[in-house]
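The values are calculated or read from the model by the stated rules, or taken from the named source; none is laboratory data. Quick caveat, the model's predicted, so the values are computed rather than measured. Here the Cβ positions follow ideal geometry from the backbone for every residue, glycine too, while neighbour counts run over all protein chains shown.
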There are 2 protein chains.
Amino acid sequence: MNRRLTSRGKERRRQLMDHATGLFADNGYHPTSVAEIVQGLGVGKGVFYWYFQSKEELLVEILREAQHDLRRSQQQAIGDETDPVRRIELGIRSSLAWLAANRRLITLFQFAATEERFAPTLRRGQEVAIADVVPHVKEGIVAGRIRDADPLVLTHAILGVTNHLARAFVMERGEPTDDVADAAVAFCLGGLTGDTNP
Amino acid sequence: MNRRLTSRGKERRRQLMDHATGLFADNGYHPTSVAEIVQGLGVGKGVFYWYFQSKEELLVEILREAQHDLRRSQQQAIGDETDPVRRIELGIRSSLAWLAANRRLITLFQFAATEERFAPTLRRGQEVAIADVVPHVKEGIVAGRIRDADPLVLTHAILGVTNHLARAFVMERGEPTDDVADAAVAFCLGGLTGDTNP
DNA sequence: GTGTTTCTTGACCGGGCGGTCAAGCAGATT
DNA sequence: AATCTGCTTGACCGCCCGGTCAAGAAACAC
């Protein structure tokens, strides 16, 4: 593929990706047909195949862009904060904010993880996300602010809490993002420091 | 449907469910055809539709049975333990053990959550699981062993950690279940007590 | 052996799917 | 005016899917 796109073309591409994201999230990837996608935009089927090689490539593209965007928003949120624990907190908060603003993608991510064809794309992105956080955890451990445990495991635990709370409370129940973020941060910081003193 | 099944019939039903579970987990629900399922067992297509109304019903049945089994194994693991915090710990450990022994179902659960048709089935089961744990958390709060926060949120956080660590470490990396369980328990107990004292 | 019920077969059907393509349109370039 | 390139059309194709069903085969009952 790798077509030359004019600004008009780029806009169409956006439209297709956005609209498809909505349909995929609402009805599922497989049950959504290419015909359905183009009908929603009132264009012919050929348009779709002008911008994407296949339905599969479209989803991969959506996933890639989303992950990239999430990462960007996270790095921007953390900014130049120096305290490692605070960096983690900011990361959690920005994750939740992003997920709240992109609810449809939560479902899409979750689906993509279940299908052999898309899992690699997703995994690569998640590894980057993990790799972004692990150093902060390590730093926290060195500083004695976080208990001495495998940083990778701790990071995954944080990710598990954040994603699940986003799904359960922000997405399904529509609770205020900030409240959920507070709860997630409190639980994770407790889990990281882990003074389970009697 | 509601057929009368002889023991021979019940066995066929089992075979179909087990084999389909594997195919669904490996290749995805939609990409797996009914023809594929019955071919793997070397029987005709009619056999499938003798035991199940539809492919959809089959998945629902698999999900229901799995959730029921998971709950049973959890209740058995908790037994008559009286300490609420310890009950939570036993719940986490038995969850991880079950998930490790039924890896294929992790993927299936995750897929089912993304599709409108199956989400309700899944949600009902998850609500039961949550409802099982919430009282222990409440009890722990009353006893001053767990910090005073919304028990529902805390329970979901536990579930998020457990499921994610199961996926990331037990399923994808094949790490020893007990190690992962130790890490999950440590993180969750930290998150529950949450003495983030300076 | 006869009747009844449970189970199995596999050709068949209608339909919808992902993907193609010859043809045409529109705006910039020359 | 002519041309070229980015974009659009929608009928069409071959395939395979979920699901049906008339016709039996086993197992069991008596």
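Just a few scattered comments:
- Some residue of the stretch B:33-42 being out of contact with any His (no Cβ under 9 Å at 6 or more places or on another chain), within 14 Å of another protein chain (Cβ to nearest Cβ) and more than 22 Å from B:ALA186 (Cα to Cα): yes
- Any hit, the stretch A:121-141, residues being surrounded by 21 or more Cβ atoms within 10 Å (Cβ to Cβ), more than 19 Å from A:GLU81 (Cβ to Cβ) and not small (Gly, Ala, Ser): yes
- For A:GLU61: the one exception among (1) within 14 Å of chain B (Cβ to nearest Cβ); (2) away from DNA strand C (no atom under 12 Å from the Cβ); (3) out of contact with any Phe, Trp or Tyr (no Cβ under 6 Å at 6 or more places or on another chain): (1)
- In a residue-by-residue description of the stretch B:178-195, the property of being away from every other protein chain (no Cβ under 11 Å) and on the phi < 0 side of the Ramachandran plot applies to at least one position.
- Candidate set: the stretch A:102-118, residues that are of a type in the set (D, E, K, R) and outside any helix (DSSP H, G or I); chosen: the one nearest to B:ALA113 (Cα to Cα): A:GLU115
- Qualifying residue in the stretch B:82-102 (condition: of a type in the set (Asp, Glu) and in contact (Cβ under 8 Å) with a residue 24 or more places away in the chain): yes
- Whichever residue in the stretch A:31-72 is basic (Lys, Arg) and more than 10 Å from DNA strand D (Cβ to nearest atom) and, among such residues, is surrounded by the fewest Cβ atoms within 10 Å (Cβ to Cβ): A:ARG72
- Each residue in the stretch A:32-57 was checked for being more than 8 Å from DNA strand C (Cβ to nearest atom) and of a type in the set (S, T, N, Q), and 1 of them qualify.
- Flag for B:THR6 being free of Cβ contacts under 8 Å to residues at least 12 places away in the same chain, more than 16 Å from DNA strand C (Cβ to nearest atom) and not small (Gly, Ala, Ser): no
- Single unsatisfied condition, B:HIS19 versus (1) within 13 Å of DNA strand C (Cβ to nearest atom); (2) in contact with a Gly (Cβ under 9 Å, 6 or more places away or on another chain); (3) modelled with pLDDT of 95 or more: (1)
- All conditions but one from (1) within 13 Å of DNA strand C (Cβ to nearest atom); (2) in a helix (DSSP H, G or I) apply to A:TYR29; the one that does not is (2).
- Filter result (surrounded by fewer than 17 Cβ atoms within 10 Å (Cβ to Cβ) and more than 13 Å from every other protein chain (Cβ to nearest Cβ)) within the stretch B:79-108: B:GLY79, B:ASP80, B:GLU81, B:THR82, B:ALA101
- Hits in the stretch B:156-170 - residues which are of a type in the set (Val, Ile, Thr) and either facing chain A (nearest Cβ under 10 Å) or more than 29 Å from A:GLN126 (Cβ to Cβ) (or both): B:ILE158, B:VAL161, B:THR162
- Flag if A:ILE146 is more than 7 Å from chain B (Cβ to nearest Cβ), farther than 30 Å from B:PRO120 by Cβ and either surrounded by 19 or more Cβ atoms within 10 Å (Cβ to Cβ) or among the polar types (S, T, N, Q) (or both): yes
- Pick from the stretch B:109-118, criterion more than 8 Å from chain A (Cβ to nearest Cβ) and surrounded by 20 or more Cβ atoms within 10 Å (Cβ to Cβ), ranking: farthest from the chain's Cα centre (by Cα): B:PHE118
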